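Novice: Submitted below is the structure of interest, expressed as structure tokens.
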Amino acid sequence: MQRFLLACAAFLLAANAWAADTLLVAAGAGYRKPVMELLEDFSKSSGIRTEASFGNMKQVETQARQNPDIALLIGDRAFLEPMGLAERFQHLGTGRLVLVTARGQAIASLADLREPRFKRIALPDRTKAVYGNAAATCLARLGLAQPLAERLVEVATVPQVSAYVATGEVDAGFLNRTEALALQGRAGAAIDAPQDCYDPIELSVGVLKGRAGGAAARAFLDYLASPAARQVLERHGM
């Protein structure tokens, strides 16, 4: 009985410590929906409070350097690794580049973007956003970068591309599969870009040096390896 009471006391102390701790995460804006769902599910199951900030990867890096409370970064490892902020990485999934058209616009392949009806084509910032870089690389490898140069509309983040497509501000836009799924019913056609036209996008969580030793961060990393987290990521196309 005494052992049982001691075990209960230890569990309550740990739960209280977790509850008092707040996990702060920064992530690429294109992953807002799955990251928020992961954090909400984790908070419900653990009782640990979570907060998140989003932006393009350059903004995420700035946030991480300025705010020492940010423990984890989520985004494409190819962008996270050169920052030199993380001590290790945990793989989450694979990102896919998708082209989505505005309502009423049909498309069979990316080559169709040459047609005059595609007057404005949006992509995220090619130097600061994962899917902007992927879109620019893809267009270059397919020989479309020069022909479409005057029609490209570069914005800061994936959600901005999504908004432009949904409102008809552009005729088509490059984004990730997560946003493409969220746009169903508010846009036209959606096609996957050929996977060999851009470099692989490895969605990872970067564990920041000296910041992820708390119980909340350790618990969240354990959660990310669980079947529940895997289901969330798969629902969002990863």
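Novice: Per DSSP helix of 4 or more residues, -39500 (n - 2.57); summed, then divided by the residues of the chain. What does that give at 222 nm, rounded to the nearest 500? Kindly include the intermediate steps, with their values, before the conclusion.
Specialist: Working: 10 runs with 99 residues, N = 238.
Helix-only estimate at 222 nm: -12000 deg cm²/dmol.
Novice: Testing the spin-label approximation: label points 7 Å from Cα along Cα→Cβ at Asp192 and Ser43. State their distance in nm.
Specialist: 3.3 nm
Novice: Please provide three numbers in whole Å: the alpha-carbon extents of segment 25-144 along the principal axes, with the largest listed first.
Specialist: 52, 31, 22
Novice: Which length gain, in nm to one decimal place, applies between Glu169 and Thr94 when the Cα-Cα distance is subtracted from 0.36 nm times their residue separation?
Specialist: Gain on extension, Glu169 to Thr94, equals 24.1 nm.
Novice: Please give the length that would be gained between Glu234 and Asp69 if that part of the chain were fully extended, namely 0.36 nm times their separation in residues minus their C-alpha to C-alpha distance (nm, one decimal).
Specialist: 56.5 nm
Novice: How many Å² of accessible area per residue for the chain, probe 1.4 Å?
Specialist: Using a 1.4 Å probe on heavy atoms only, each residue of the chain averages 48 Å².
Novice: In a Gaussian network model over the chain where Cα atoms closer than 10 Å are linked, find which of Gly213, Gly30, Gly173 has the largest mean-square fluctuation.
Specialist: For the chain, modelled as a Gaussian network with Cα springs under 10 Å, the answer is Gly213.
Novice: Of the beta bridges DSSP finds with both residues in the chain, what % are antiparallel, to the nearest 5?
Specialist: 55 percent
Novice: Quick one: if you stick a label point 7 Å off each Cα along the C-beta vector at Ala108 and Arg218, how many nm between them?
Specialist: With each label point 7 Å from Cα toward Cβ, the separation is 5.8 nm.
Novice: Something else now. Only loop residues by DSSP count here, and only those with at most 16 other Cβ atoms within 10 Å; note down the trypsin sites (Lys or Arg not before Pro) in segment 157-238 that meet that.
Specialist: Qualifying residues, ordered by number: Arg186, Lys209.
Novice: Follow-up question, since we're still on this one. Bin by bin, in steps of 10 Å, what percent of the Cα pairs in the chain do you find, going until the bin that has the longest distance?
Specialist: 8, 31, 30, 18, 9, 3, 1, 0
Novice: I've got another one for you. Cross-link partners among lysines for Lys44, C-alpha distance below 18 Å, same-chain residues fewer than 8 apart left out?
Specialist: Once the sequence-local lysines are set aside, what remains near Lys44 is Lys33.
Novice: OK, next. I'd like the orientation of helix 158-167 relative to the chain: the angle between its Cα long axis and the longest Cα principal axis, in ° from 0 to 90, rounded to 10.
Specialist: 50 degrees
Novice: Could you look at segment 153-213 and say what percent of its accessible area is carbon and sulfur, using a 1.4 Å probe and all protein chains?
Specialist: Carbon and sulfur together cover 47 percent of it.
Novice: Given the options Glu150, Glu169, Glu40, which has the most mean-square fluctuation in a GNM of the chain, springs set between C-alpha atoms less than 10 angstrom apart?
Specialist: Taking springs between Cα atoms under 10 Å, the residue moving most is Glu150.
Novice: Right, another one. Would you list which aspartates and glutamates come within 12 Å of Lys119, measuring only between C-alpha atoms, while excluding same-chain residues fewer than 8 positions from it?
Specialist: Partners found: Glu150, Glu169, Asp171.
Novice: Okay, moving on. Return the single residue from Ala145, Ala64, Ala29 with maximal mean-square fluctuation; model: Gaussian network over the chain, springs between Cα atoms under 10 Å.
Specialist: The residue with the greatest mean-square fluctuation here is Ala145.
Novice: Follow-up. Once both labels are modelled 7 Å past Cα along the beta-carbon direction, what's the Arg120-Leu148 spacing in nm?
Specialist: If labels sit at Arg120 and Leu148, their model points lie 1.6 nm apart.
The values are calculated or read from the model by the stated rules, or taken from the named source; none is laboratory data. What you see is a predicted model, and the numbers here were worked out from it, not measured in a lab. Because the Cβ atoms are built from the backbone with ideal geometry, glycine has one as well, and the counts that use them run over all protein chains shown. Ligands, DNA and RNA are stripped out before the accessible areas are found, and what is left, the full protein with its side chains, is counted by its heavy atoms. Shrake-Rupley method; radii C 1.70, N 1.55, O 1.52, S 1.80 Å.
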